[in-house]
Amino acid sequence: MNCRRATKSYEAWLGKQTRIIQADLALKHREMSLDVFSFMRATYYRWAQSWNKCRDDFTKAPSLLAVGDLHIENFGTWRDQEGRLIWGINDFDETSTLPYTNDLVRLAVSARLAISAARLKIRPIDASKAILEGYAKGIAEGGRAYVLSERNRWLRSTVMTELRDPTKFWEKLEALPTIRHEVPAKVRKVLEAALPRRKLGYRLLHRIAGLGSLGRQRIVALTEWNGGQIAREAKALIPSACVWAKGQPNAPPHYEEIVSRAIRCPDPFLELRRGWVVRRLAPDCSRVELSMLSKDRDEYKLLLTMGGETANVHLGSKRAIAKVLRDLKRRPNTWLNQAAKTMSEAVIEDWQDWRRSTRPPGNSVRET
């Protein structure tokens with residue numbers, strides 16, 4: 001099955017799980033053609049399929065509750081119950097039981113592809129080394145949440161740049177189109193329950209964000225409260241694409257389970273209600289894209305920290321950690337770089353096939 005057929009099959013399956021926004025899905029298809037980094041972010045379903053077929057040694061490792069769709073733009077910030085700024089993995093939509101190596105390899109592949117797209121300047125071999133070093137250290141030492149206060153000030157200055165300015169953030173949200181069609185009553189109820197006061201008037205907006213989840217409903221309630229704007233988002237939650245890739249019967253999502261187990265400071269506004277992920281949106285409570293990061297960032301240190309945060313999440317699977325440590329020790333220091341190279345080649349091949357199959361007749365597309 002080539003990538004185009006896999007996409008058609010996955011989207012047919014997706015349509016059975018939730019209501020699809022066809023315009024957003026069409027946007028996703030266009031974004032998939034732009035560059036290989038965007039393609040990878042948008043096609044976790046294809047990654048899951050390729051991973052299952054791969055027989056290399058790096059796929060034969062102890063399993064645990066893994067993020068699945070981990071990449072370098074799946075990190076963000078939020079405020080904990082003490083009001084402290086926290087940094088960590090931002091999205092667990094594709095959580096599934098997988099070899100622990102899946103998350104490390106996918107993270108390293110995303111770094112490698114970002115380098116090829118000139119979004120990172122570090123060498124691929126150093127990117128893999130940093131991720132593996134941070135992960136191994138985190139697993140061995142039991143992990144620690146990334147609180148951006150008296151500790152990790154370098155990380156705070158890296159992610160909290162002027163591109164996350166509150167004025168720009170709220171202007172962007174205000175500009176979103178108001179939803180004109182009827183919104184399901186249960187969605188209204190989950191959003192109203194997440195607001196700070198009952199019977200607070202709000203405007204419902206259609207939000208387009210990310211790549212992998214494009215096509216699913218994202219509904220934002222925007223309002224004013226006590227002198228300032230506030231927003232809550234509800235995103236449709238479905239089973240991981242791993243369920244589709246393995247041809248299994250539908251299984252419940254593991255989002256809540258992986259978040260509650262991980263070594264982290266929880267986001268008090270993050271909730272799962274009636275099949276929807278509900279969260280607070282704010283300038284300091286959102287995903288951090290590479291374009292938002294400080295220009296003088298230490299990329300090795302950043303990737304090392306991403307490896308450490310991956311360990312924080314994996315440490316929630318306590319029974320698997322001893323096996324993970326033994327498996328890490330048996331592997332050569334270069335295994336992650338080689339695995340990332342192998343999987344990158346598979347992603348690039350899929351991307352090129354996708355572009356050829358979607359190219360209008362007579363048009364030439366420059367390969368990069």
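Any read-out appearing in this document is the output of simple, stated calculations on the displayed coordinates, not a laboratory observation. Just so you know, these numbers come straight off a predicted model, no measurement behind them. Counting neighbours? That spans all protein chains shown, and the Cβs are built from the backbone with ideal geometry, glycine included.
Comparing Gly88, Gly215, Gly15 in a Gaussian network model of the chain, where Cα atoms under 10 Å apart are tied by springs, the biggest mean-square fluctuation is seen for Gly15.
Placing dummy labels 7 Å off each Cα toward the beta-carbon, the span from Lys246 to Thr167 is 5.1 nm. The length gained by stretching the chain between Ala193 and Ser357 to full extension, at 0.36 nm per residue less their Cα-Cα distance, is 54.5 nm.
Please report the relative contact order for the chain, taking Cα pairs under 8 Å with a sequence separation of at least 6, and give it as a percent rounded to a whole number. Relative contact order, the chain: 30 percent. Say we join alpha carbon atoms closer than 10 Å with springs in a Gaussian network model of the chain; which of Leu315, Leu14, Leu65 then has the biggest fluctuation? It is Leu14. Sorted ascending by nearby beta carbons within 10 Å, beginning with the fewest, Cys3, Cys54 become Cys54, Cys3.
Strictly over 24 Å apart at the Cα level, which of Lys60/Lys235; Lys28/Lys172; Lys129/Lys323; Lys199/Lys235; Lys28/Lys121; Lys8/Lys28 would you flag in this model? Listed pairs above 24 Å: Lys60/Lys235; Lys28/Lys121. The relative contact order of region 262-368 comes to 24 percent, based on Cα pairs under 8 Å that sit 6 or more residues apart.
Rg/Rh, computed from the Cα trace of region 222-368 with Rh as the Kirkwood radius, has the value 1.02. Length, then width, then depth: along the principal axes, the Cα atoms of the chain run 59, 57, 42 Å.
Model label points for Ala346 and Asn52, set 7 angstrom from Cα along the Cα-to-Cβ axis, are 1.2 nm apart. P(r) for region 52-161, from all Cα pairs and a bin width of 5 Å, is 2, 10, 16, 22, 23, 16, 7, 3, 1, 0 %, short bins first. Distance between the 7 Å Cα→Cβ label points at Thr334 and Glu257: 3.8 nm. Sorting 133-139, 203-209 by their mean Cβ neighbour count within 10 Å, with the most densely packed peptide first, gives 133-139, 203-209. Considering only Lys121, Lys172, Lys129, the mean-square fluctuation computed in a Gaussian network model of the chain, springs between alpha carbons under 10 angstrom, is largest for Lys172.
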